[in-house]
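Colleague: One structure is given below, represented as structure tokens, and several questions about it will come after.
A short reminder: the numbers here are calculations on the coordinates, not readings from a lab. Please read all numbers here as calculations on a predicted model, not as lab measurements. No Cβ is skipped: glycine too gets one built from the backbone with ideal geometry, and neighbour counts run over all protein chains shown.
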Ligand code: NAD
């Protein structure tokens, strides 16, 4: 047996022995996870600085802060979520009691990407542990310092039969996928998502696929331009655009384009300074391959802000690209970097009709004041989730499910949705033995029954 096969076998034995069932035990795991993060904040800041040049502020707001909120919310609600749900029954089931038990699935695999390497490895694990599962996490090999730290910390704080980290490249992920898991939770690219689903089908393992896509931000003629500019700049350039729900491209009403771009330039300067490449806290691109891919986008269209790159530090300025067409390379795939192409429309119906023909994105943002239009855009277009008059922030509400649709993924998590994702909903009917309604038995006369 390989090490990986042994590790999964150990988790299965641990699970089958019933070690994860009790509320108290689950609560302890979540508290342990919280202590692990709290007691090692300094090393976490350091690891994310090494991997992506993340500042303390950005690590706190987008990685640690999110995890603390998710753990606290889960701890507060867990007992409630674990309760069986009573349901009613039709008259044909007179005398029965009906309820749904939330049961853990077993041994779960979490495969995560590099862009929020701590948050996206641990957030699914919170739901899996809360629901009473054992977990194997395979972090991204691209964020090496965070991956190594996660391995070290989980070894110190957790029994590996309960929660463990397996480090490695895609070959390690492939070896993991040969094992039989009870659930696979994958966050990453659509291309790899397809591979995960194919591999999972061999064991009929259910999956959540948290993927990406080209998420539009639409700015209408009646939008609050100053606020739109500020919130778009924040959502797009946080993590240097390497965010799955970052606005991928800007679709703006022709009439307000000039004013919006002017305000966006102001906020880029205000957030990152006049020379972002020498801003010590400005995030870098994860590796040379992505740096080169992104730099190639800069040859099309016209750069109206930014555009400078530094191959030594792998940084690319927050960049606004105007005069872009749907045929340009930058519009053919998810950008995943600090480059914002700008397209314009004359009527909102036209923008909606064009977006409707694209693959369903993970997010969509609409800025505009008219309630009817807001409602129409939200209802008529299909996307994972999104906001009216904001960007990205919706994902930090644990009461909203977070996930994609179509090419941007399947399944959802956060808060109670994570707990549900990692639970099987088992239907139970408790029948009465005090009487027996005869209508279902052969030979019974319908008139004798309650029907
Ligand atoms: P990726 O798909 O290249 O890698 C993700 C994980 O899959 C890594 O752990 C990697 O080792 C593993 N992997 C890579 N190739 C594999 C293979 N052939 N077989 C099995 N496993 C394999 O993604 P990435 O570059 O790390 O992340 C960027 C992508 O993730 C973007 O498309 C982004 O939109 C998406 N993303 C989505 C979300 C979300 O919540 N929906 C969040 C963050 C990132």
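Colleague: To the nearest 10 degrees, how steeply does helix 144-157 sit against the main Cα axis of the chain, on a 0 to 90 scale?
Modeller: Approximately 30 degrees, to the nearest ten.
Colleague: What does the convex hull of the Cα atoms of the stretch 22-76 come to per residue, in Å³, rounded to a whole number?
Modeller: On the way: hull volume 3.7 nm³, N = 55.
Dividing the Cα hull volume of the stretch 22-76 by its residues yields 68 Å³.
Colleague: Kirkwood Rh, the chain, all Cα pairs: how many Å?
Modeller: One over the average 1/r among Cα pairs gives 23.8 Å for the chain.
Colleague: Okay, next question. Stretched out fully, how many nm does the piece from residue 393 to residue 98 gain, at 0.36 nm a residue minus the Cα gap?
Modeller: 102.3 nm
Colleague: Continuing with the same structure: Looking at the stretch 216-396 only, what percent of DSSP beta bridges run antiparallel? Nearest 5 please. Before the final figure, lay out each step's value.
Modeller: On the way: 5 of 23 bridges.
Antiparallel bridges make up about 20 percent of those DSSP assigns within the stretch 216-396.
Colleague: Could you calculate the FRET efficiency of residue 262 with residue 436 from 1/(1 + (r/R0)^6), where r is the beta carbon distance between them and R0 is 60 Å, rounded to 0.05?
Modeller: Values: r = 78 Å, r/R0 = 1.30.
Calculated value: 0.15.
Colleague: Antiparallel DSSP bridges in the chain: what percent, to the nearest 5?
Modeller: If we restrict to bridges inside the chain, about 35 percent are antiparallel.
Colleague: Show me 195-208, 361-374 ranked by packing, highest mean number of other Cβ atoms within 10 Å first.
Modeller: Listed from highest to lowest mean packing, they are 361-374, 195-208.
Colleague: Please determine, in degrees from 0 to 90 and to the nearest 10, the orientation of helix 288-297 with respect to the longest principal axis defined by the Cα atoms of the chain, where the helix direction is its Cα long axis.
Modeller: 60
Colleague: Can you give the direction-averaged projected area of the convex hull of the alpha-carbon atoms in the stretch 189-294, in nm²?
Modeller: 9.1
Colleague: Hey, another quick one. So, in Å, what gap is there between the alpha-carbon centers of the stretch 286-328 and the stretch 171-208?
Modeller: A separation of 33 Å, based on Cα centres.
Colleague: Full-extension gain between residue 227 and residue 202, please, as 0.36 nm times their residue separation minus the C-alpha to C-alpha distance. Each step should come with its number before you reach the end.
Modeller: Details: separation 25, 0.36 × 25 = 9.00 nm, distance 4.91 nm.
Here the segment from residue 227 to residue 202 would lengthen by 4.1 nm.
Colleague: Need the full-extension length gain, residue 61 to residue 278, defined as separation in residues times 0.36 nm minus the C-alpha distance. One decimal, nm.
Modeller: On the way: separation 217, 0.36 × 217 = 78.12 nm, distance 2.22 nm.
75.9 nm is the gain from fully extending residue 61 to residue 278.
Colleague: What is the distance in Å between the Cα centroid of the stretch 59-85 and that of the stretch 350-393?
Modeller: Measuring centre to centre over Cα atoms gives 28 Å.
Colleague: If I model a spin label as a point 7 Å beyond the Cα along the Cα-Cβ vector, how far apart are those points for residue 400 and residue 42 in nm?
Modeller: Between residue 400 and residue 42, the simple spin-label model gives 3.7 nm.
Colleague: As I understand it, the value is the acute angle between the Cα axis of helix 257-272 and the longest principal axis of the Cα atoms of the chain; what does it come to in degrees, rounded to 10?
Modeller: 80
Colleague: P(r) for the stretch 216-396: what percent of alpha-carbon pairs falls in each 10 Å bin, starting at zero?
Modeller: 10, 41, 37, 11, 1
Colleague: Suppose only helical runs count, i.e. DSSP H with n ≥ 4. What mean residue ellipticity at 222 nm does that imply for the chain under -39500 (n - 2.57) per run, divided by all residues and rounded to the nearest 500 deg cm²/dmol?
Modeller: Theoretical 222 nm ellipticity from helices: -12000 deg cm²/dmol.
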